[in-house]
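Step one of this worksheet: look at the structure below.
All of the numbers you see were taken from the coordinates with simple rules; none came from a lab. Fair warning: this is a prediction, and the values are worked out from it, not measured in the lab. Quick reminder, even Gly has a Cβ in these numbers, built from the backbone with ideal geometry, and neighbours come from all protein chains shown.
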Amino acid sequence: MEVNFYNTLERKIMPFSAINGKKIGMYTCGPTVYNFAHIGNFRAYTFEDILRRTLEFFGYDVTHVMNLTDVDDKTIRDSRKAGVALNDFTRKYKDAFFEDIKTLNIEPATVYPAATDHIPEMISLIQTLMDKGFAYQAEDKCIYFSIDKFPEYGKLARIDRENQRAGVRINSDEYAKDSVADFALWKAWDENDGDVKWDSPWGPGRPGWHIECSAMSCKYLGDTFDIHTGGIDNMFPHHEDEIAQSEAAYGHKWVNYWLHCEHLMLNGEKMSKSLGNFYTLRDLLAKGWSGREIRWVLIGAHYRKKLNFTFDSLAQARDTLNRFTDLFNRLRSVSLAGDGSEIAATVAAKMSEFETAMADDLNTAAALAPLHELTRAANKLADTNVLTKAGADMILDAFRRFDTILGCLDVDAVAEVEAIPAEVVALAEERSAARKAKNFAESDRLRDEISKLGYVIKDAPGGVYELKKA
Ligand code: AMP
Ligand code: ZN
């Protein structure tokens, strides 16, 4: 099946064609490890996971590189504030990131290069840009990319040359579209950097954020590859600057497809650390939501549409996933003989609808409809006792296949509800009767006995109680 993607570079949906048959090189701008990632960041990483799983679903072999930005303006600023060495400071957030992506069932990238392990590659790329006349050292000792020397500058973010301030310099990693200027490739050391510095032909200093991705992607994917992804806010200046550096150095087109995901919003505003309106994954886990439920919310909208995060949407996710789990359990208990022809055609049709939606620029919102339709069809057949075991197995197989992309259905998870021993239940009932009779001494004695057996009892109004393992 032909797979189509919206290519930000061309501003249109295009058939996907890989450079090297079924082998794909894909680069993703990974986390800046100065804090716990928030669920807005995870919308981007989940989108990239869906993209990768979809390519794999359609038979591609994906080499996925995701960098870790462990030296930049923000990591230096906050490690200094915390009084912790940069590497120790970022280690904590790297570990947290790997834990979080596991919780969200995001497939690990093929390689996670860290910026601090690739300084020589960055220096060498900057040297090439110096040698070719695209870069210069300014009075502040920093090395800048001269946007005037690269006539295609602005082609990704669509910034006209009239709106570019060539010759004006900008030293910070992040800046707005109306500050387009020559940007820093190498930042000369100053006292704000503390002991963070590396030697270079231009004096001690550190790389700019943008050169990190150009150097690391080339090392692992070569100087031209298929797909580069990120959140939409990475498009300018980060990706624009990456294109300029890479194409100027290599002398040819660098990346064929650029895919960007829209923002996760909270009350109508972009979820972001700088605005302070964010939930980390850990915040939501602490409130009792699961990784599967959060993932379901994040993938429910098309990646190019803004998605407003609400707790209602998490509650709906819980309902929906529970309904699927009920279906899977029901399907496992079907034993009727037969060849499955009562459902085979429906399964095939729903699978084809799912594939068509995913191949259409990862339309997850449309791809979920056939799952609900198949659920209804399966329940209807089971209600009237005409669903066979063969049919039930076909349905389970279809859901397993959907889940190779969706990654949150957990088709084969059998609920581990450990039965409470009858003896404990009997004691609890006795205690309940004692309480009703206002025999509190007896009720306390029974509570102790229950507790000795390793269970706790929690009373609620109306004589209701909850019995749990201690
Ligand atoms: P950072 O760690 O700030 O470099 O961001 C990591 C990734 O998260 C980048 O791809 C950003 O574009 C993306 N991102 C940041 N905020 C949001 C948001 N509210 N919604 C979706 N993606 C976001
Ligand atoms: Zn990047």
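Each Cα pair under 8 Å and six or more residues apart adds its sequence gap; the mean of these over the residue count of the chain is a relative contact order of 15 percent. Straight Cα distances below 18 angstrom link K23 to the lysines K219, with same-chain residues fewer than 8 positions distant left out. Cα centroids of the range 391-408 and the range 221-259: 36 Å apart. For the range 320-450, the equivalent ellipsoid derived from the Cα gyration tensor has semi-axes of 45, 19, 12 Å, listed largest first.
Contact order normalised by length for the range 339-470, with contacts defined as Cα pairs under 8 Å and 6 or more residues apart; what percent is it?
Details: 109 pairs, mean separation 22.6, N = 132.
Contact order relative to length: 17 percent.
Between D233 and E466, the FRET efficiency estimated from the beta carbon spacing at R0 = 45 angstrom works out to 0.45. Listed by chain and number, the lysines whose C-alpha is less than 28 Å from the C-alpha of K306, apart from same-chain residues fewer than 8 away, are K12, K74, K94, K102, K155, K177, K270, K273, K287, K350.
When restricted to Cα atoms, the chain yields an Rg and a Dmax of 27.8, 93 Å, respectively.
At an R0 of 22 angstrom, the distance between the Cβ atoms of D412 and H372 translates into a FRET efficiency of 0.60. For the pair E423 and S352, a Förster radius of 45 Å applied to the C-beta separation gives a FRET efficiency near 0.25, rounded to the nearest 0.05.
Relative contact order of the range 4-270: what whole-number percent is it, with Cα pairs under 8 angstrom and at least 6 residues apart?
It rounds to 23 percent for the range 4-270.
Taking 0.36 nm per residue of separation and subtracting the Cα-Cα distance, what length does fully extending D178 through T384 add? The partial results should precede the final answer.
Working: separation 206, 0.36 × 206 = 74.16 nm, distance 6.51 nm.
Extra length available between D178 and T384 comes to 67.6 nm.
Placing a pseudo-label 7 Å from each Cα along the Cα-to-Cβ vector at V84 and R11 gives an inter-label distance of 4.4 nm. Within the chain, antiparallel bridges make up roughly 50 percent of the DSSP beta bridges whose residues both belong there. Lys-Lys pairs in the range 422-469 that are eight or more residues apart or on separate chains and whose Cα atoms lie under 14 Å of each other come to 4.
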